[in-house]
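The values are calculated or read from the model by the stated rules, or taken from the named source; none is laboratory data. Just so it is clear, the model here is predicted, and its values are computed rather than measured. Don't worry about glycine lacking a Cβ; one is built from the backbone with ideal geometry, like all the others, and counts go over all protein chains shown. Accessible surface is based on the protein model in full, side chains and every heavy atom, while ligands, DNA and RNA are left aside. Shrake-Rupley method; radii C 1.70, N 1.55, O 1.52, S 1.80 Å.
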Amino acid sequence: MTAPEAKEEGIMMRLRLKTLYSGWWHWVVTVSSAIQFFIVLGFLQNYSILFVSFQEEFGSGAALTGWPSSIAWSLTFLGSPFDALLLYRITNRTMTLLGQCILCAGIVMTSFVPSVKYAIITYGVGVGVGNSFVNHAASVVVLNWFADRDYVRANAIVTMGSSIGMFVFSPVLTASFARFGWRASLRFVAGGCLALSFFFGVFLVEPPPNDDPRHREKQRAIKEEGEREHISLREEDDKDYEAASEETSTMNVDLQDKEDDKGGNIQMETDKETRLTEGRGCCSCHWELCHMVRCLDTWLWTIAIILLSFGWTFFVINFASFLDGRGLSSEQTALVIMLFAAGDIAGKALIAIVGKKLPVKEIYCASASMLVGTVLFGLMTIVRTFTESIILALAAGVTRSVAFGTSNVIAADLFRQYSANGVMILAMFPYGLGGLLNAPLSGGLFDVTGNYVVSLIVISTSFVCCSLVLCLFLSVDVCSHVVGGVASGKHGATTHQ
């Protein structure tokens, strides 16, 4: 084959791949990511079953026994900034498969621990780091594929994978622990998870490089933000804008110098984004992290998600222990956890069906779910029977699905100025901080009081605060848009004159 023929063949191959990608491949990537979530988060969210086994064998307290899961849950999300930097060096698929290897290695090592303290390293760090790689890489690749598509539906399908995993792993782990013991069961689970993850992980391919709508949208957002900041500086520094054209030119030069002194030169920021397309992605990632730290809205969002995660992590770590304290058997506990997962699946399935046609914005749904969660956690203080536990678990599952099924979508919608990597940092990092607080507070209060009543009251209070912070976030966001619109209008009128 001659060189021109080889070049033409390569062009045709790329065209065929692009046609395939633009057709239905984005749904293949979505399902593959859902399988990865099924494995990593489905297993992690059933730690409460392993929690009981640890306490029975080692006689450890609730606070210490909760630390392995709390650290694993935290690292799953706290590792997001590091994952974002690493993702500029390797592909999403490579990071996903590497994370699954680390996860399964951590599970196998946990099966050999002589005490809970060793599980803090093997389970907490090993499972947490592996989960972090998979969670971030799979989420980013889906957002890249659906930047200009129905991301609400895709995200609901992906997060539904974790709920289905929680539903499936609950009876499997309960029955396996009863028959083979928890040590042998963990080894079986690790082998099955590794095989399943590699089978579906090969489909996690990147979107075509010339089809990056998220980058185009980010460039447009940065440009709009720059125009608003430029207008604001001009309003502040140029009092006499109707002077002669020569004077106006001089003032514009002075304004440019002031912008440089304040570090607000938007052209420099735009240049950084241009370098992203030239293969220097780490520069963009560093810029995004610095920009996030300086913004009030990112801080409010982080506080809200920390409070949200702190409360719902109770079901990951302490729920089985809570049910055991109510006198439920291991079979009844497994059934209640399955029904909690079933409610979570039903809620996310409804979000996937509705898609972008939700009657209100997703952030309002998340805020309302926090108020409902406040009531549910308050009712948990008086739940006593198996039937009451079933009803409460179903309601809690549906309520949690609203918050967990929309948080990534809300972040992607509110923070359009960031890349998919940056959005996932904002969507995941606060979850890790919230999970890290749960074990010392919920477990520690249980060790002191002998029950979970105080812990449930604290969680209910955190949900109320979360709803208030989300409302404050909306107020700040609305005010910033109003100020930006007024400034743009004044600038337009001045220019017309």
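Would you mind telling me which numbered condition in (1) farther than 30 Å from residue 60 by Cβ; (2) buried (at least 16 other Cβ atoms within 10 Å of the Cβ); (3) of a type outside the set (Ser, Thr, Tyr); (4) in contact with a Leu (Cβ under 8 Å, 6 or more places away or on another chain) residue 409 fails?
Here residue 409 meets the rest and fails (4).
Evaluate the stretch 93-101: report whether one residue or more is out of contact with any Lys or Arg (no Cβ under 6 Å at 6 or more places or on another chain), closer than 20 Å to residue 426 by Cβ and either open to solvent by less than 20 Å² (accessible area, probe 1.4 Å) or among the aromatic types (Phe, Trp, Tyr) (or both).
Initial filter on the stretch 93-101 (out of contact with any Lys or Arg (no Cβ under 6 Å at 6 or more places or on another chain)): 93-101.
Subsequent filtering for residues that are closer than 20 Å to residue 426 by Cβ retains 95.
Keeping just the survivors that are either open to solvent by less than 20 Å² (accessible area, probe 1.4 Å) or among the aromatic types (Phe, Trp, Tyr) (or both) gives 95.
Yes, the conditions are met somewhere in the stretch 93-101.
Against the condition assigned to a helix (DSSP H, G or I), within 27 Å of the chain's Cα centre (by Cα), of a type in the set (A, V, I, L, M) and modelled with pLDDT of 90 or more, how does residue 98 come out, does it pass?
Answer is yes for this residue.
Any residue at all in the stretch 420-433 that is surrounded by 24 or more Cβ atoms within 10 Å (Cβ to Cβ) and part of a loop (DSSP other than H, G, I, E, B)?
The answer is no; no qualifying residue exists.
Name the single residue, out of those in the stretch 156-180 being among the aliphatic types (A, V, I, L, M) and closer than 26 Å to residue 25 by Cβ, that is most open to solvent (accessible area, probe 1.4 Å). Don't jump to the end; show me each part of the working.
Of all residues in the stretch 156-180, those among the aliphatic types (A, V, I, L, M) come to 156-158, 160, 164, 166, 168, 172-173, 175, 178.
Remaining after also requiring closer than 26 Å to residue 25 by Cβ: 156-158, 160, 164.
Working: 156: 0, 157: 50, 158: 7, 160: 32, 164: 66 Å².
Of everything passing the filter in the stretch 156-180, 164 is most open to solvent (accessible area, probe 1.4 Å).
Hey, residue 378 hits all of (1) over 21 Å from the mean Cα position of the chain (by Cα); (2) of a type in the set (Gly, Ala, Ser); (3) under 20 Å from residue 160 (Cα atoms) but one; which does it fall short on?
Only one criterion in (1) over 21 Å from the mean Cα position of the chain (by Cα); (2) of a type in the set (Gly, Ala, Ser); (3) under 20 Å from residue 160 (Cα atoms) is unmet by residue 378, namely (3).
If I ask for residues that are assigned to a helix (DSSP H, G or I) and open to solvent by less than 20 Å² (accessible area, probe 1.4 Å), which ones from the stretch 75-87 would you list? Steps first, answer last, please.
Residues of the stretch 75-87 that are assigned to a helix (DSSP H, G or I), as a first pass: 75-78, 80-86.
Scanning the stretch 75-87 gives 76, 77, 80, 83, 84.
Applying the selection to the stretch 285-309, what residues are of a type in the set (Phe, Trp, Tyr) and farther than 17 Å from residue 433 by Cβ?
The first filter runs over the stretch 285-309 and keeps only residues of a type in the set (Phe, Trp, Tyr), leaving 287, 299, 301.
Answer for the stretch 285-309, where residues must be of a type in the set (Phe, Trp, Tyr) and farther than 17 Å from residue 433 by Cβ: just 287.
Pick from the stretch 289-306 the residues that are crowded, with 24+ Cβ neighbours inside 10 Å and of a type outside the set (Phe, Trp, Tyr): which of them is nearest to residue 338 (Cα to Cα)?
Here the residue is 305.
Can you confirm whether the stretch 16-33 contains a residue that is modelled with pLDDT of 85 or more, touching a helix residue (DSSP H, G or I) at 6+ places or on another chain (Cβ under 9 Å) and open to solvent by 10 Å² or more (accessible area, probe 1.4 Å)?
Our first condition is that a residue be modelled with pLDDT of 85 or more; within the stretch 16-33, this holds for 27-33.
Right, trim to touching a helix residue (DSSP H, G or I) at 6+ places or on another chain (Cβ under 9 Å) and you get 27, 29-33.
Subset that is open to solvent by 10 Å² or more (accessible area, probe 1.4 Å): 27, 31.
Yes, the stretch 16-33 contains at least one residue that is modelled with pLDDT of 85 or more, touching a helix residue (DSSP H, G or I) at 6+ places or on another chain (Cβ under 9 Å) and open to solvent by 10 Å² or more (accessible area, probe 1.4 Å).
Would you mind finding the one in 153, 183 that is under 19 Å from the mean Cα position of the chain (by Cα), of a type in the set (Lys, Arg) and open to solvent by 20 Å² or more (accessible area, probe 1.4 Å)?
That would be 153, the only listed residue that is under 19 Å from the mean Cα position of the chain (by Cα), of a type in the set (Lys, Arg) and open to solvent by 20 Å² or more (accessible area, probe 1.4 Å).
Can you pull out the residues in the stretch 189-210 that are exposed (fewer than 14 other Cβ atoms within 10 Å of the Cβ) and of a type in the set (A, V, I, L, M, F, W, C)?
195, 198, 199, 202
Take the residues of the stretch 30-69 that are in a loop (DSSP other than H, G, I, E, B) and farther than 25 Å from residue 191 by Cα: which is farthest from the chain's Cα centre (by Cα)?
Applying the filter and picking the extreme gives 59.
Run down 137, 154, 147, 72 and say which single residue is part of a helix (DSSP H, G or I), farther than 18 Å from residue 42 by Cβ and aliphatic (A, V, I, L, M). Don't jump to the end; show me each part of the working.
On the way: 137 fails: farther than 18 Å from residue 42 by Cβ; 147 fails: part of a helix (DSSP H, G or I); 72 fails: farther than 18 Å from residue 42 by Cβ.
Only one candidate passes the filter, namely 154.
All but one of (1) over 22 Å from residue 44 (Cβ atoms); (2) buried (at least 24 other Cβ atoms within 10 Å of the Cβ); (3) small (Gly, Ala, Ser) hold for residue 309; state the number of the condition that does not hold.
(1)
Could you list, in sequence order, the residues of the stretch 372-393 that are closer than 26 Å to residue 77 by Cβ, touching a residue at least 40 places away in the same chain (Cβ under 8 Å) and not hydroxyl-bearing (Ser, Thr, Tyr)?
Result: 373, 377, 380, 393.
Would you say residue 144 is open to solvent by 20 Å² or more (accessible area, probe 1.4 Å), under 16 Å from residue 203 (Cα atoms) and not charged (D, E, K, R)?
yes
Please tell me if residue 113 is free of Cβ contacts under 8 Å to residues at least 12 places away in the same chain and under 19 Å from residue 46 (Cβ atoms). Reasoning before the result, please.
Values: free of Cβ contacts under 8 Å to residues at least 12 places away in the same chain: yes; under 19 Å from residue 46 (Cβ atoms): yes.
Judged against the criteria, residue 113 is a match.
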